[in-house]
Each structure stands twice: as structure tokens, then as C-alpha cells.
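Here's the structure we're looking at; comments come further down.
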Amino acid sequence: MSSINEREGPTSQSGLSIVLPTFNEGGSIRQVIESLLQLGTDLPLEILVVDDDSRDGTPDLVRALARQNPRIRIIQRVGRSGLASAIKEGLIAALYSTAVVMDSDGQHEPASVGEAVQLLDREGLDLVAGSRFLDHSEIRGLSNRRTDGSTLANRLARWSLPSSYRHLSDCMSGFIVLRLNRCLPLVRQVDVNGFKFFYELLAISGGRLQVGEIPLRFQPRLHGSSKLDMAVLWDFVVSLIHTATLRLLPRRAISFGLVGASGVAVQLLSTALLMGLLKLGFQQALPVAVITAASSNYLINNALTFRDRRQRGMRLVRGLLKFLLVTSLPALANIGLATSFYKLVQANTLWAQLAGIVVVYIWNYAASSRFVWNSP
């Protein structure tokens with residue numbers, strides 16, 4: 001394996017830092033680390049495990065390995081979590097000039113590290129990603145449904161990224177090798193609430209990075225199950241919109257707006273049901289529909305938009321009351337404006353309600369972020 005160019009700064013020394021984000025990976029992490037320690041390289045090597053305070057014994061297991069081998073380090077994070085933030089923290093803490101990010105569940109083969117570093121050096125690239133979708137790639141760890149979903153997601157991702165990255169076949173790979181002298185300033189800018197670290201890095205780079213790919217032989221995970229859930233899919237949609245709109249709006253504002261769109265549907269449906277089934281007049285049905293939509297918005301935002309500050313138990317109930325209080329003034333404005341529009345402009349319940357909803361969006365986002373979820 002060829003040498004890596006040195007650079008000034010904390011990661012100036014030639015060598016290889018392998019970052020492994022972990023959360024409850026006790027069933028696989030020992031085997032992954034031992035395989036990586038057997039890499040045939042003359043370069044100095046460190047394996048940096050960034051653990052999100054796992055409760056399955058992962059931190060203790062890694063510490064035991066680190067006491068036996070000084071090339072192993074662990075960062076155990078308390079009070080902060082998330083895959084993207086773990087990767088970001090690991091890369092910033094890396095000792096050497098070239099860094100590898102890979103999964104800790106065994107789905108990425110250690111042999112791919114050498115292949116990727118060689119391509120990085122041979123082509124003078126800034127970053128190399130492992131792709132599940134090149135001609136010589138093998139996918140053994142994903143179902144056909146997940147594979148098809150990943151293929152579609154990659155097509156959408158390529159559409160939203162700068163044109164210089166259109167040649168990439170896997171914009172959401174979890175296996176990347178970075179030359180830190182070029183990538184670290186961008187790494188520091190990555191939004192840790194994003195969908196995939198690699199995708200976010202490409203998006204903020206503005207097409208300035210030279211990126212290549214190697215085929216991955218994607219393996220079944222050694223232990224545990226996939227962490228793909230509704231929140232991950234939601235993050236993907238938010239990331240696409242965030243990138244497509246030139247990242248002008250905060251991610252939370254986009255998520256809040258999408259939830260608000262669902263609230264529009266809830267309000268319109270509630271109004272129609274109350275007027276149709278209970279024979280209420282528009283002015284009697286509207287307040288109930290607005291409160292129903294506000295409650296729906298709170299619960300969905302709590303689960304998705306502000307899930308890192310998620311309210312539970314009695315805090316969930318208190319949070320709902322605070323949210324209704326914060327939104328009560330614009331809710332009254334919503335009702336008043338919609339009613340006035342209905343009476344004075346046009347007797348159309350759809351446009352009347354939309355007029356009120358648009359007026360209160362900005363207030364609801366700013367006020368609830370600060371006073372309900374204590375988010376700046």
C-alpha cells in the first residue's frame with residue numbers, strides 16, 4: 001500500500017485512522033476489530049470506536065481490547081447520539097492523515113480498506129466510497145426490497161447533488177476513505193441531523209471533491225438488526241429537499257413545514273367530518289379542527305423533527321399543553337383570518353383555511369422550537 005501525503009495540523013502524520021461508530025454492537029465489534037488489526041499495511045494504524053453509550057457491553061469490550069493493544073481507542077459519548085455525529089466526531093479526533101469510516105456490524109469487508117486507499121493514492125483523489133451498485137459489487141446483506149429501495153434512493157440523491165457527482169453509483173454509502181487535508185474543513189460543516197454522512201458531505205462540498213468508487217462485497221451483518229425506520233426515511237426526504245433548495249432553510253424548518261402540511265390535511269379532514277357527520281356550521285367546526293391539527297403536529301414533530309429532544313411520559317403531556325399555548329395566539333389568528341376570508345372574500349372553506357394556516361407557520365416554528373423543545 002503506498003504512502004499517504006503528509007499535511008500540517010493535528011492529522012499531519014501519515015497513517016490510517018479507522019472510525020467505527022457503534023451502538024449496541026457487542027455481538028460483532030470484537031470480530032470486526034480483530035479483522036482490521038490483521039490488515040497488511042506498513043502504515044501506522046489506529047482503530048477509533050465512537051460509541052453512543054451502548055448498554056449491551058460494547059464499551060467495556062472495546063476497553064478490554066484497547067488495554068491489550070494501544071492501536072485501539074474508544075470515545076464513549078454520553079448525552080449525545082446519532083450516526084452522523086459519531087462519524088463527524090471520530091474524523092475530527094483522528095490521529096492520521098487518511099481516515100476510513102465503515103460499519104461495525106461486519107457488513108463491510110476489511111479487505112476493502114486496502115483497495116480503497118490504493119485507489120485514493122493512485123488517482124490522487126480526495127475521497128473514495130465503497131459502492132454496493134458497481135458491476136463487480138456483491139450484495140449479500142440486503143433483501144431484494146431493501147436493494148430496490150436503495151437503488152431508487154440513490155437515483156433521487158444523484159439528482160439533488162452537484163453534477164460533478166452524477167457518476168457515483170452509491171451516494172449513501174457507509175464505507176468511505178477520506179484524505180483529511182481536503183475533507184476535514186467540510187467534515188466540520190456536516191449537519192449531524194442529516195440522513196447519511198457521505199451524502200451530506202457531498203452536498204455541502206459544492207462539487208469540489210474528487211471522488212472515486214470501489215465495488216463492495218456487502219455481507220450479512222454479524223449480529224443485530226437493521227436500524228432503518230420511519231425516522232431514517234423521513235431524514236432522507238428532508239435531506240433531498242434541503243439540498244434541492246440550496247440549503248437556504250434549516251433542516252428543522254423543512255421538517256416542521258412537512259409536518260405542518262400533514263396538519264393541513266388533518267384540519268381539512270376534521271372540518272369536513274364535523275360539518276358532514278355532526279352537522280356543525282363552519283364557524284363551530286373550525287376551532288375543534290384547528291386544535292386537532294395542532295395536537296397532531298405536536299406529536300409528529302416530537303417523534304421526527306425534534307426526536308433528539310423527544311418528550312416522553314408526563315413531559316409529553318406538558319409539552320402538548322405548552323405547544324397548544326404557544327400556538328394559541330396564531331391559532332386564534334388562524335380562526336379569525338379564515339372566518340373573515342370565508343365571510344368577506346369567498347365562501348370557500350379550503351381557501352379560507354389555507355389563508356389562516358400560511359400566516360401562522362413562521363411563528364409556530366420559531367416559538368415552539370424555543371419554548372417547547374428548547375432548541376435554538
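The values are calculated or read from the model by the stated rules, or taken from the named source; none is laboratory data. Everything numeric here is computed off the predicted structure, so don't read it as measured data. Cβ coordinates were reconstructed from backbone atoms using ideal geometry, including for glycine residues, and neighbour counts include every protein chain displayed. In case anyone asks, the SASA skips ligands and DNA or RNA and just uses the protein heavy atoms, side chains included. Shrake-Rupley method; radii C 1.70, N 1.55, O 1.52, S 1.80 Å.
Sticking with the crude label model, points 7 Å out along Cα→Cβ, report the distance from Asp42 to His136 in nm, one decimal please.
2.4 nm
I'd like to compare 318-324, 39-45, 88-94: which one has the highest average count of other Cβ atoms within 10 Å, and what's the full order after that?
88-94, 318-324, 39-45
Can you give the FRET efficiency for Ala64 and Arg318, using 1/(1 + (r/R0)^6), R0 = 45 Å, r = Cβ-Cβ distance, to the nearest 0.05?
0.60
Can you order the peptides 66-78, 278-290 by their average number of other Cβ atoms within 10 Å per residue, highest first?
278-290, 66-78
Ordering Met314, Met102, Met275 by accessible area with a probe of 1.4 Å, largest first, what comes out?
Met314, Met275, Met102
Keeping all protein chains in position, work out how much accessible area Asp135 exposes to a 1.4 Å probe, and write it in Å² to the nearest 10.
The accessible area comes out at roughly 150 Å².
Between the alpha-carbon centers of region 17-47 and region 164-178, tell me the distance in whole angstrom.
22 Å
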